[in-house]
Each structure stands twice: as structure tokens, then as C-alpha cells.
Amino acid sequence: MIAFKQFKPLLGIAASPNVGLKHFKTLFSDPEVLRVILNTLEINFLMLLFVTPTSMLLALLINEITKKWLQRTVQTIIYIPHFFTWVVIFSVFYIVFASDGLVNHIVKALGGNNILFFINGNWFRFVLVVSGMWSRVGWGTIVYLAALTQIDQNLFDAAIVDGAGKFRQIVHISLPALLPVFVLMVTIKLGSIMTDGIGQILVFYNPAVYDSADIIGTYVYRIGLGRANFSYATAVGLFESLVGFIMVLISNVLSKKVTGKNVW
């Protein structure tokens, strides 16, 4: 209801004046909103493009490790970043990518110029994607490894008898078994593509990269809590939820076409 009112905390929701679709009209006419929507889609599509396939490929590699103790050790190491808060992850990446950090020392040693990773918008997105991968890829392998354990081992034995090497076994047995899981994970990510990443970006970004890193979640945070414009922030949040719902429906249709199965 707040989205359709000019909410005043002292009056409460019921007594606050009705404004109809005023906030939604402002939303669709505000160029800043278009910018944050595009940023949201671009950043989260980059995350989807790099994180989800990398998790699947990493799971395939881990599954090929024959020594169980080594397999468990690798899994433990790649799971650990998932349990770090974004504040800890930012601290690590700031040490690495700061203007006087490790990466810039290497760049300058090779004759290059200093790169402002946290000031330049394009390089800042690179840092977001890399840090997102470091935090999520390892944890994302869990569902794929679980799916790989469900494959009938007789299929691999038959493939070996037919002369199939490891690569052909992966292409013709493992990957088809992982496809439904991959589609499901993509569907889940598409459903949250308008809301994902707020925690990471709130910790990482600064006013210098608002143009390229400000997403809907951070915009709502600044408008709602920073400027106390609760009604407009709610309208933006409602629009965000509606787009997310539409994305889930679209991804379900794609799942039906690709795998022949609905997600729900």
C-alpha cells in the first residue's frame, strides 16, 4: 500500500495521503532508474555467465580426481570463501587490486600504467565478477557433484568397453546428466536477477562508480533510508519484484524447451 501513498511515518500507512500511480509514473520517467535497471541486468548477467558454468566445469574436474583424500581437500578449500562475509572478501580484494596493491605492482613492473580498479567503472565490474566467482563458484559445485553421483556407473563401464576416453565420457554421459541441474540453477538465478548482489555492491562500491555499479537494490537503499522517501522506494521495489516474477516465468518456458521439463 505504501507504494500508492505519500507515506508519512507520523500519520501511519492508513492516514497517509493517497497518490495513486504517481510514484510509478516518476519511476518510468526518471532516467536514473533506467540506468540502475540496466546496471542490475548487466552485472547480474555477467555473474550468471561466469559463475554458473564455471561451477559446473569445476565439479566435472573435481569428479575426475581419483584419490578421495585429495578430492575432499580440494572441495574444502573451494568451499571456504562462501563462508566469508563480503567485508572480509572486500578486504582481501582491496589488498590485491588497490592502486598500490599486488596487481598494480605487477602491472607497473611489466611497464604498464597504474589501474584504478575501484574508481574506473569497467574495471570495478571486473573486480565484482572476480570476487563473486571466488565467493560462489566453489559452493555452486555441490549440486553438480551430487548429480554426478547419481549417474549409473554401468554407463561409464560400457563407454570404456566401446573405446570412449575421458573427454567423450564427459561429453556424452556427464554433461547430459548435468543439463537439467544447470537449467534449474539458471532458472533460480534468473528469478533473483533483479535482487541479487546488493550485499556485495554495498560493501564494494563508492560514489565514483555509481554510474556503472549502482543497482536497483542499492538505489532503493539510498532512496528509502538515505533520503527517507519510503513510498517511492517501495514502488521501485515492487517493480523489481514484478520483473523478477516475469523472469521466472520466462526461464520456466526455456526449461521446458531445453529439457522437456517444467521447473515446477
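Only the coordinates and a few stated rules stand behind these numbers; no lab work does. In this text, all values refer to a predicted model and were calculated from it rather than measured experimentally. Cβ atoms come from the backbone with ideal geometry, glycine included; neighbour counts cover every protein chain shown.
Some values worked out for this structure:
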item: Value at 222 nm in deg cm²/dmol, rounded to 500, when DSSP H runs of n ≥ 4 in the chain each add -39,500 (n - 2.57); result: -22000 deg cm²/dmol
item: Qualifying trypsin sites (Lys or Arg not before Pro) for the stretch 1-73 [loop in DSSP, other Cβ within 10 Å: at most 10]; result: Lys67
item: Crossing angle, helix 68-79 versus the chain [Cα axis fit, 0-90 degrees, rounded to tens]; result: 10
item: The stretch 41-58-the stretch 142-178 distance, computed between alpha-carbon centres (Å); result: 23
item: Test item: Cα-centred dipole of the stretch 28-123, Lys/Arg +1 and Asp/Glu -1 on Cβ, debye; result: 500
item: Cα gyration tensor category, rounded, prolate or oblate, for the stretch 126-172 with a/c compared to 1.5; result: oblate
item: Charged-residue dipole, Cβ positions (Lys, Arg, Asp, Glu), the chain about Cα centre, Debye nearest 20; result: 340
item: Prolate/oblate/rounded label for the stretch 113-264 (Cα gyration tensor, a/c 1.5); result: oblate
item: Point-to-point label distance, Ala158-Asn206, nm (Cα→Cβ direction, 7 Å offset); result: 6.0
item: Relative contact order of the stretch 89-213, pairs being alpha-carbon contacts under 8 Å that are 6 or more residues apart, as %; result: 32
item: Cα gyration tensor shape for the chain, rounded if a/c is under 1.5, else prolate or oblate; result: oblate
